[in-house]
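Peer 1: Submitted below is the structure of interest, expressed as structure tokens.
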Amino acid sequence: MVSSSTSPRQVPTGWLRRVAEDQSEPPRLYAWRLTNLADGANYARKSLEVGVGVGVGVGEIPTPDDERRRIYILGVGNIGRLYASFLAKNDPRPPITLVVHRRELLDQWKAHPGIELVRDGKTERNPAFRIEWWTDAQPTHGPVREPGSGYGISNLIVATKAPDAIPQVDRVRRYLDGRSTVAFAQNGMCKLWPPLGEVYVATRFGQGKEGPRWLACVTTHGVTSLGPFRSVHASPADVRVGSVMVRGGDGQVGNGSNNGDGDKDKDKDKDKDDYLAAQIVGAPGLAARRVATRELWVAQLEKLVVNAVVNPLTAVLRCKNGEIFEERGDGLGDVVEMLVDEASRTLRALVGHRSSEGILLAQDIDGKEDDVVTGAAAEESLERTREELLERFSSARLRTMLYSVGEKVAANTSSMLQDVQAGKKTEIEDFNGWLVETAWYLGDEDGLPVNEKLISLVEDAAVRTRGELVKELQGSRS
């Protein structure tokens, strides 16, 4: 496994460069709860008197065991609401804290507590969560606490939009250590896949030290927002969860070697990340399953292709997902094919790059953990796996996969279209931007002109007819 310093592209990606240049101490944060609002004490007392669920955890004395089991969900948009709703159905129910990104959401929860999830036309409402806002401003009312109540954060699900995922984890790193498990649950590729993930961990948690265990969740459920704390579960599907970084036999992230001494380290790693993964897998309705690292990597790459086609095209055309697959003789199908061809070229180059070797050599053990093939068997295994994935990431196979998924989500409104309609920042840089950046990193001198043009259109909040869009995107290749 090579690091970015030995990569053919010497300059790291923009997000990693910003991390490396920031040498400041991690900020001290304060966890505001309802009791920290001006009338929080009275509100908490009344909530307990009437038995309202928002009183859960209000007056509790935290214990190490409670914090070890507590699941923090950072970001309470559609994906955060989905995970919270289903995790709360586990028996026994884990303690769950929702972490919002602005003070006003605490006030909204106080006025109308609960997450609403509409499924099959029926509304399920659950107010039984603790809710917090993490900020560097110390509260002037009520108890002063930091995230994790002094015990650190053991289990964190990052359900923010993709551009905010790493910045938010970076912001709370003071409260994360080797006992923590962090699961990323947003769309797009997790930025901690090799080779850049190990560079981030070494930069932020110290070379040779143990950072958190990193998980990623590939979520295919379709969820649409109805406003703060309210969503429609439009298309039930499934979730795949697994470890992001390959750990070699010596217990080190990103190391493909095996010296025979790593069994105890691997058992410790397995115990450390099993709780959060088990809670996700066991959540009724989430339909989650644990997968090996290579399968997770492939699943994220395939979903990325879907997102990089469906999301930006629907955002510019202002249409439902299924419309971009309708053949109307206007050339939009050719544009879809061009986007798939660029994605295929990039993914196939990634499969052939040395940075992917650790993932390609990882072997599934009981569907949960990964070991790494070494010695004489490694070369044969690497060649065989590369051949399989080169075929899987061919334009023809990706196009078949895309149209199959497109048929299932045809009636849905893409998350990117929802964002542009709401005037919010989109995830275009984490979808198409990831492909463009990866192609550059791998040395593709021609670049991805169709993706690059599509990125600029989405960033400009452009609206085009099908004919206009086809003309612009086809012209980008000349």
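The values are calculated or read from the model by the stated rules, or taken from the named source; none is laboratory data. What you see is a predicted model; the values in this text were computed from it and never measured. Backbone-built Cβ (ideal geometry, glycine too); neighbour counts: all protein chains shown.
Peer 1: Restricting attention to the range 48-77, which residues are in contact with a strand residue (DSSP E or B) (Cβ under 6 Å, 6 or more places away or on another chain) and modelled with pLDDT under 95?
Peer 2: Gly57 - this is the single residue of the range 48-77 that is in contact with a strand residue (DSSP E or B) (Cβ under 6 Å, 6 or more places away or on another chain) and modelled with pLDDT under 95.
Peer 1: Based on this model, can you work out whether Val232 counts as surrounded by fewer than 20 Cβ atoms within 10 Å (Cβ to Cβ) and touching a residue at least 12 places away in the same chain (Cβ under 8 Å)?
Peer 2: So Val232 passes the test.
For (1) over 17 Å from Gly188 (Cα atoms); (2) at pLDDT 95 or above; (3) over 20 Å from the mean Cα position of the chain (by Cα), each residue gets a yes or a no:
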site: Glu357; (1), (2), (3): yes, no, yes
site: Ala377; (1), (2), (3): yes, no, yes
site: Leu389; (1), (2), (3): yes, yes, yes
site: Ser394; (1), (2), (3): yes, yes, yes
site: Leu417; (1), (2), (3): no, yes, no
site: Gly423; (1), (2), (3): yes, no, yes
site: Gly433; (1), (2), (3): no, no, no
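Peer 1: Follow-up question, since we're still on this one. Looking only at the range 208-224, which residues are farther than 18 Å from Gln300 by Cα and of a type in the set (Gly, Ala, Ser)?
Peer 2: Gly208, Gly211
Peer 1: Testing His221 on (1) at pLDDT below 90; (2) within 17 Å of the chain's Cα centre (by Cα); (3) not small (Gly, Ala, Ser), one condition comes back false. Which one is that?
Peer 2: (1)
Peer 1: Quick test for you: out of Val182, Val144, pick the one residue that is in a strand (DSSP E or B) and in the same structural domain as Ser24 (by TED's automatic domain parsing).
Peer 2: Of the residues listed, the single one that is in a strand (DSSP E or B) and in the same structural domain as Ser24 (by TED's automatic domain parsing) is Val182.
Peer 1: Residues in the range 225-253 that are of a type outside the set (Asp, Glu), over 22 Å from Glu302 (Cα atoms) and modelled with pLDDT under 90: how many?
Peer 2: 6
Peer 1: Identify, by number, the condition in (1) assigned by TED's automatic domain parsing to the domain that holds Gly433; (2) surrounded by fewer than 16 Cβ atoms within 10 Å (Cβ to Cβ); (3) in contact with a strand residue (DSSP E or B) (Cβ under 9 Å, 6 or more places away or on another chain) that Lys303 doesn't meet.
Peer 2: Only one criterion is unmet by Lys303, namely (2).
Peer 1: For Ile153, state whether it is modelled with pLDDT of 95 or more and in contact with a Ser or Thr (Cβ under 6 Å, 6 or more places away or on another chain).
Peer 2: yes
Peer 1: What are the residues in the range 284-337 that are among the charged types (D, E, K, R) and either closer than 29 Å to Ser356 by Cβ or in a helix (DSSP H, G or I) (or both), if any?
Peer 2: Within the range 284-337, Arg289, Arg290, Arg294, Glu295, Glu302, Lys303, Glu323, Asp334, Glu337 qualify.
Peer 1: When the range 155-178 is examined, which residues are found to be in contact with a strand residue (DSSP E or B) (Cβ under 7 Å, 6 or more places away or on another chain) and part of a helix (DSSP H, G or I)?
Peer 2: Hits for the range 155-178 are Ala165, Gln168, Val169.
Peer 1: For residues that are in contact with a helix residue (DSSP H, G or I) (Cβ under 8 Å, 6 or more places away or on another chain) and among the polar types (S, T, N, Q), tally how many sit in the range 81-138.
Peer 2: Result for the range 81-138: 3.
Peer 1: So Ser414 ticks every box in (1) small (Gly, Ala, Ser); (2) within 28 Å of Val223 (Cα to Cα); (3) surrounded by fewer than 21 Cβ atoms within 10 Å (Cβ to Cβ) but one. Which box is left unticked?
Peer 2: Status for Ser414: all satisfied but (3).
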